[in-house]
Every structure is written in C-alpha cells, then in structure tokens.
Amino acid sequence: MSDTLADELSDDAIVLHADASDWRSAVRIAGDALVATGSTTDEYTAEMIRAVEELGPYIVIAPSIALAHSRPSPAVLKTGLSWVSLATPVEFGHSANDPVRLIVGLAAVDHDSHLATMSNLAGVLSGDLDRLLEATSAEQLREIIRENTQ
Amino acid sequence: MKIVAVCGMGIGTSVLLKMNAEKVLRTLGVDADVEAADIGVARGMARDAQIVLTSEEFADEIGEVPANVIIIDNFFDLEEITAKLKAALPE
C-alpha cells in the first residue's frame with residue numbers, strides 16, 4: 001500500500017465547515033461521507049451512533065477530535081476514512097476533550113488492514129489542528145495533510 | 001511486561017493508543033508487549049498484564065484487575081502518555 005492519508009481522502013470523503021446541530025448529526029455527516037465513498041452502508045452510520053449511546057463518548061480521543069467508528073461488520077464494504085470539520089463545535093459529553101470540531105469517520109473490514117492509515121492519522125492529528133480546520137477546499141486540506149505526513 | 005490498550009471496538013482508539021504507547025516505550029527504552037483489545041475481551045486480557053491503558057469511560061468497566069489501570073485523556077499527547085506510563089512502570 002503506497003496510499004498516503006491524503007490520497008485516501010477523496011472529495012466525497014471530505015466535508016468542510018459542516019453544520020451539525022448535535023453530536024448525532026455530526027456523526028451522521030461523517031457516516032454519510034463514508035457511504036458516499038462506497039466504504040459503508042447506512043447501517044454502519046447507525047452502528048457508529050449506537051456505539052456512543054452504549055459505550056459513552058470515548059471516541060472523543062483528543063481535545064476537539066472525535067474518531068467515529070464501529071466494529072467490522074457486513075455494513076462495511078471496504079476500509080475507509082471520512083473527514084468532517086464543523087462550522088460550530090458540538091458537545092459529546094466528554095469530560096476532558098469537548099467541544100468537538102473535527103470528526104474523522106473510520107470503517108475497517110478487519111483489525112489489521114488499516115494500521116498504516118491509523119499511524120498516518122496519528123501523525124497528522126498530533127500536528128497543528130487549527131491549520132487543518134481552516135482548510136476551505138478538499139485540495140487545500142489534502143495539501144496540509146501531505147505537509148504533515150512523513 | 002504486558003500492556004493492554006482498551007477501547008470499545010478494538011479497531012480505532014485502542015489501536016491509536018497502542019501505537020503511541022509503543023512510541024513512548026521505545027523512547028524510554030522499555031521492553032514491553034502492547035496489545036489492543038475491545039472492552040469485551042479486555043478483562044480477560046488484563047488479568048496477566050501489568051498495565052492497562054484506556055479512556056475514562058472504560059476504566060470502571062474493566063473492574064478489579066491486578067493491572068495498573070491508567071486513564072489517558074489525549075491519545076495524541078505523547079507527553080501525557082510518557083508521564084503516566086513512567087509513573088506506572090516498575091522501578
């Protein structure tokens with residue numbers, strides 16, 4: 001796999017400055033983007049929302065950042081990522097990391113095939129989040145991600 | 001030494017925790033085996049682990065285990081992970 005994170009995020013996978021009224025609608029936008037790229041079915045979006053309802057807002061893994069995902073299931077057609085920045089931050093109810101400004105949607109077919117992507121993602125997201133959030137076009141976002149990928 | 005990184009599904013957050021914990025352990029020169037687990041199997045895996053890394057939501061659910069359960073707030077903050085791991089590592 002020579003794909004970098006930037007190449008994996010097609011235009012369909014990126015929604016910038018989205019309007020979300022609450023965390024459910026924010027996760028739904030990330031899920032819809034996964035559906036648009038052919039990675040998942042609508043059922044996976046419902047599974048991502050159910051995961052937070054059942055297990056709590058643990059997907060808010062760092063200040064301002066949520067990693068929306070569920071487990072591998074028939075609703076996952078192929079491994080994929082989506083990227084949703086929000087016009088207005090939403091609360092997930094996390095004690096340390098609210099409010100959330102970026103939702104990364106993740107779908108994986110198994111436990112291992114997406115590890116390189118996760119490693120790239122960790123590198124990019126530990127960088128300058130403000131710059132990533134300021135991107136106004138998918139191409140600009142990919143450019144910033146490329147600059148932050150080693 | 002065995003360390004278990006625990007999250008809800010075992011594919012996303014625990015994988016990030018595992019990768020960043022391994023990065024920190026390399027820097028510290030500590031030899032440890034880090035595994036990612038979902039909350040369903042975590043209790044069993046934690047039984048013979050020395051350290052469990054997880055988020056606040058799962059710390060209670062893991063329950064009574066001999067392992068030292070550490071809560072990480074920011075999964076990308078290597079300084080936080082370093083400080084908390086250092087405090088938990090045996091001398």
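The values are calculated or read from the model by the stated rules, or taken from the named source; none is laboratory data. Predicted model only: the values in this text are computed from it and were never measured. Positions of Cβ are backbone-derived with ideal geometry, glycine not excepted, and every protein chain shown enters the neighbour counts.
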Considering segment A:97-150 alone, what residues qualify as being in contact with a strand residue (DSSP E or B) (Cβ under 8 Å, 6 or more places away or on another chain), of a type in the set (A, V, I, L, M) and farther than 17 Å from A:PRO72 by Cα? A:VAL100, A:LEU102, A:ILE103, A:LEU121, A:LEU125, A:LEU129, A:LEU132, A:LEU133, A:ALA135, A:ALA138, A:LEU141
Go through A:GLU143, A:GLU91, A:GLU139 for me and flag whichever is in contact with a helix residue (DSSP H, G or I) (Cβ under 8 Å, 6 or more places away or on another chain) and modelled with pLDDT of 95 or more. A:GLU91
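Which of the following residues is under 25 Å from A:VAL104 (Cα atoms), facing chain A (nearest Cβ under 8 Å) and modelled with pLDDT under 90: B:ASP38, B:ASP73? Break it down stepwise before answering.
On the way: B:ASP73 fails: modelled with pLDDT under 90.
Of the residues listed, the single one that is under 25 Å from A:VAL104 (Cα atoms), facing chain A (nearest Cβ under 8 Å) and modelled with pLDDT under 90 is B:ASP38.
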Counted residues, segment B:2-31 - those being away from chain A (no Cβ under 12 Å), surrounded by fewer than 19 Cβ atoms within 10 Å (Cβ to Cβ) and either of a type outside the set (A, V, I, L, M, F, W, C) or not in a helix (DSSP H, G or I) (or both): 6
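Among the residues of segment A:115-143, which ones are more than 11 Å from every other protein chain (Cβ to nearest Cβ), under 18 Å from A:LEU86 (Cα atoms) and touching a residue at least 40 places away in the same chain (Cβ under 8 Å)? Before the answer, list the steps.
Applying the first criterion (more than 11 Å from every other protein chain (Cβ to nearest Cβ)) to segment A:115-143 yields A:128, A:130-143.
From what's left, under 18 Å from A:LEU86 (Cα atoms): A:128, A:130-142.
Passing the criteria: A:LEU132, A:LEU133, A:ALA135, A:THR136, A:SER137, A:ALA138, A:LEU141, A:ARG142.
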